[in-house]
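Data first, discussion second: the structure below is written as structure tokens.
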């Protein structure tokens, strides 16, 4: 091994934490190690998170060393602990009802504290311990290059501190924008402070990477003078994840649509559920023939807006809330669905975002029903013939696309059970979305600083 091929990967989100932000740092660690890098990961001690998956750590080879810095965060102590599997619906509702009255006002207060004091995000209380541990790792292992990936943006502040203390070369990776994010605080003085933080990261990092061309263009528009080098390294899928997918329950005679991921205010299924209810009431869809499955976080702990919507629309026999699933079980559920639902954000500007689950859906090969604003994700779906798109705010469009899928299924129950398109991600037109290819991109980018 080249003695210089050592790197520090700074990522708060890392297994056993699961969820959408985790695959990028996890797969980068895996494939950089496969390319001969000695990978040191700086992350948080196992802590609260809405999703958790202990099995993900099994993917890492021996030349990936994980270092965990302690964090104290008061918000974690009042939220229910993460789970890895679904609870029965009745128990989930009962537990939520008991806890909501107690937890909601506390969370509301802590959210106010977070918006005014915890800057740039609630992970800032990890900053001190992470910075000290990161400095020690770099110095003891003589590491020449570092890669920090956000969110949370605290990761970049940790990396900036490490660079200032050690002189290490640094690449800052943005899975989402920072000050150009649609989820800004709206507090003028805080936004101004974060502008200064972001500018310092752009100035002091040796290189910037991000996940969409739109993000890169926006960064250059704002920080062209500060950015030394920038590269787009897309998110993607790992073909190895799809080699041993197990068959799940066979929903014989049912039209199954599946969504995997997290819902929150700007991304929720309620308009879709309303559309399905109207189609049932209009006699166009037989509720006995359809199943809408949701894997992940249907409602955040302490909230029940989406569950309440299901009950109010009397869709309890149509909707199945599966809860959090280990990654392989989630892939199995995707494989055994007819259509995969991609429900995007509805906030202005969200068209430049590409949800990470799009790439997993892509690899599974089932058609995608995308409720997404026009942008890069809808371009990918249309350009590669991966499914159909509906405006997430347009009820008639949603109903039209749903009916197109439903009628096709009625004509042929096997219409959507196509073979996987993994081969297109190996050497074909989808290879830029292969995690192995992306690991090589990052390896080459980091190689500029150690040759």
Inset, instruction - Work out how much length residue 440 to residue 132 would gain on full extension: take 0.36 nm times their residue separation and subtract the Cα-Cα distance, in nm to one decimal. - result: 107.9 nm
Legend entry - Cα pair distances in the chain, grouped into 20 Å bins until the bin that holds the longest one, percent each: 24, 58, 18, 0
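Quick one: order 62, 304, 221 by neighbouring beta-carbon count within 10 Å, fewest to most.
In increasing order of surrounding Cβ atoms, one gets 62, 221, 304.
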Inset, instruction - Taking 7 Å along the Cα-to-C-beta vector as the label spot, tell me the residue 423-residue 448 distance in nanometres, rounded to one decimal. - result: 3.7
Legend entry - Cα long-axis angle, helix 213-223 against the chain (0 to 90 degrees, to the nearest 10): 40
Legend entry - Calculated over region 376-444: convex hull of Cα atoms, volume per residue (Å³): 106
Inset, instruction - Rank by packing, highest mean first: peptides 397-403, 422-428, with packing defined as the count of other Cβ atoms within 10 Å averaged across residues. - result: 397-403, 422-428
Inset, instruction - Quickly estimate the mean residue ellipticity at 222 nm for the chain, helices only: each DSSP H run with n ≥ 4 gives -39500 (n - 2.57), and the total goes over all residues, rounded to 500. - result: -12500 deg cm²/dmol
Inset, instruction - Grab the alpha carbons of region 263-340, take their convex hull, and tell me the volume per residue in Å³. - result: 96
Inset, instruction - Using DSSP, restrict attention to beta bridges with both residues in region 240-424 and report what percent are antiparallel, rounded to the nearest 5. - result: 5
Inset, instruction - Can you run the Rg to Rh ratio on region 240-424? Use alpha carbon positions and the Kirkwood inverse-distance Rh. - result: 0.93
Inset, instruction - Set the Förster radius R0 to 22 Å, insert the Cβ-Cβ distance between residue 203 and residue 72 as r into 1/(1 + (r/R0)^6), and round the FRET efficiency to 0.05. - result: 0.15
Inset, instruction - Please report, to two decimal places, log10 I(q)/I(0) for region 295-357 at q = 0.13, 0.14 Å⁻¹ as given by the Debye formula with identical point scatterers on the Cα atoms and no solvent. - result: -0.49, -0.57
Legend entry - Considering only the chain, percent of DSSP beta bridges that pair antiparallel, nearest 5: 5
Legend entry - Residue order, fewest to most beta carbons within 10 Å, for 359, 303, 12: 303, 359, 12
Legend entry - Length added when fully stretched, residue 231-residue 411, from 0.36 nm per residue minus Cα-Cα: 60.2 nm
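Using 0.36 nm per residue, how much length does the chain from residue 262 to residue 384 gain when fully extended, once their Cα-Cα distance is taken away?
41.4 nm
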Inset, instruction - Treating the angle as unsigned and between 0 and 90°, give the value, to the nearest 10°, between the Cα long axis of helix 154-166 and the longest Cα principal axis of the chain. - result: 20
Legend entry - Folded to 0 to 90 degrees: helix 89-117 orientation relative to the chain principal axis, Cα: 40
Inset, instruction - Give me the orientation-averaged projected area of the Cα convex hull of region 13-60, in nm², one decimal. - result: 3.2
Legend entry - Highest average packing first - 230-242, 368-380, 187-199, Cβ atoms within 10 Å: 368-380, 230-242, 187-199
Inset, instruction - Within 10 Å of each residue's Cβ, count the other Cβ atoms and sort 220, 257 from fewest upward. - result: 220, 257
Legend entry - Packing rank of 15-28, 284-297, 202-215, where each peptide gets the mean count of other beta carbons within 10 Å, highest leading: 15-28, 202-215, 284-297
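Using the 2.2 N^0.38 Å rule of thumb for compact globular proteins, work out how region 147-257 stacks up: its C-alpha Rg over that value, please. Let's see the in-between values first.
Numbers: Rg = 18.9 Å, N = 111, 2.2 N^0.38 = 13.2 Å.
Against the compact-globule rule of thumb, the ratio is 1.44.
Here, each number is a calculation from the coordinates, and none is a lab measurement. Note that the structure is predicted; figures quoted are calculated from it, not measured. Glycine gets a Cβ as well: all are built from the backbone with ideal geometry, and neighbour counts include every protein chain shown.
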